[in-house]
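Below: one structure, written as structure tokens.
The values are calculated or read from the model by the stated rules, or taken from the named source; none is laboratory data. Every value quoted in this text rests on a predicted model; they were computed, and no experiment measured them. Positions of Cβ are backbone-derived with ideal geometry, glycine not excepted, and every protein chain shown enters the neighbour counts.
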Ligand code: NAX
């Protein structure tokens, strides 16, 4: 058994966290030989909820759960954190523009970045989930100069998993037989789920999925899936989002399967001609706790147009929060 690691989760009284925390404590995220201490952060108004969640974690008697601490102060919550899962954010209110959400939530991620800078473990790994996740990740990194770019990511794994599920359903194949699918760009309705290099078993996905299906059904279904879940359930995705966080972190820390890649939003280094200095979802392989962007994939004209549109949205978002960046 390893020594316990510290996992900070923000927004810990919220609905995504309510699924996420139990998965982490059971070992799904970091493996069944890795004890965890959960350091939970939320705002003071939710403290009683946080206490209830903590009671339930205790009652589940997880062998790997080495402790739970509750916080409404970021510097205490991030103290010594080895992993930081930034879920806490304000939801989009009625009549609120995306730009308003961006500005409102930006302040939260400035504070998260500063606290990570001040007190987290030197090799902390961060995933930003709270929306707008990609641009919030940029704010975190900009406010934590001690952190290297390879320590901060944003989550597009839910979009990746949704794309896998849509293709599995369309082809009648098991999800486990699908590989090398990519979600490019922003976690938003402009994201581009790309089947150009995907394999279903040994066959190219493009042989099984017509261009018409891809553009008229597959792409909008993945892009609008979050809205469809809200319409059906009356609440945004929570269980599937928690699973995606676990998948994202597990693959990052423990490695992606051989001959496979996953979609992660990471700081662009100019790969595939995407502007540097934005968090963009790329195909990534992970090994030894590090990710790298898969290189050398061919990009056709249709893909390029979509990749550029989602890139432009991220550049626009960056300009809205430019005053919060170094
Ligand atoms: P909830 O509203 O249920 O929970 C959010 C929690 O964050 C609340 O408990 C709130 O009190 C807390 N919070 C607010 N300000 C905080 C602060 N300064 N410090 C710490 N906690 C704070 O939302 P939930 O459904 O759990 O979603 C959380 C976030 O994830 C939202 O921003 C949502 O948009 C985003 N999502 C992102 C996804 C992705 O794929 N990147 C998918 C899931 C999710 O929709």
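In this structure, does residue 126 turn out to be over 18 Å from the mean Cα position of the chain (by Cα), surrounded by 18 or more Cβ atoms within 10 Å (Cβ to Cβ) and either in contact (Cβ under 8 Å) with a residue 12 or more places away in the chain or within 16 Å of the ligand (Cβ to nearest atom) (or both)? Taking the combined requirement at face value, the residue does not satisfy it.
Assessment of region 56-70 against the conditions (surrounded by fewer than 17 Cβ atoms within 10 Å (Cβ to Cβ), within 12 Å of the ligand (Cβ to nearest atom) and not in a strand (DSSP E or B)) yields no matching residue.
The rows are residues; the columns are (1) within 16 Å of the chain's Cα centre (by Cα); (2) surrounded by fewer than 20 Cβ atoms within 10 Å (Cβ to Cβ); (3) closer than 19 Å to residue 240 by Cα.
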{"position": "150", "(1), (2), (3)": "yes, yes, no"}
{"position": "154", "(1), (2), (3)": "yes, no, yes"}
{"position": "158", "(1), (2), (3)": "yes, no, yes"}
{"position": "175", "(1), (2), (3)": "no, yes, yes"}
{"position": "192", "(1), (2), (3)": "yes, no, no"}
{"position": "205", "(1), (2), (3)": "no, no, no"}
{"position": "224", "(1), (2), (3)": "no, yes, yes"}
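Residues in region 169-190: is at least one under 24 Å from residue 280 (Cβ atoms) and without any contact (Cβ under 8 Å) to a residue 12 or more places away in the chain? No.
Only a single criterion out of (1) at pLDDT 95 or above; (2) assigned to a helix (DSSP H, G or I); (3) in contact with a helix residue (DSSP H, G or I) (Cβ under 9 Å, 6 or more places away or on another chain) is not satisfied by residue 193, namely (2).
Only a single criterion out of (1) more than 10 Å from the ligand (Cβ to nearest atom); (2) in contact with a helix residue (DSSP H, G or I) (Cβ under 9 Å, 6 or more places away or on another chain) is not satisfied by residue 117, namely (2). Picking from residues in region 261-286 that are outside any strand (DSSP E or B) and touching a helix residue (DSSP H, G or I) at 6+ places or on another chain (Cβ under 9 Å), the one that is farthest from residue 309 (Cα to Cα) is 269. Filtering region 9-33 to residues that are buried (at least 19 other Cβ atoms within 10 Å of the Cβ) and outside any strand (DSSP E or B) leaves 11, 12, 13, 14, 16, 17, 20, 21, 24, 25, 29, 30.
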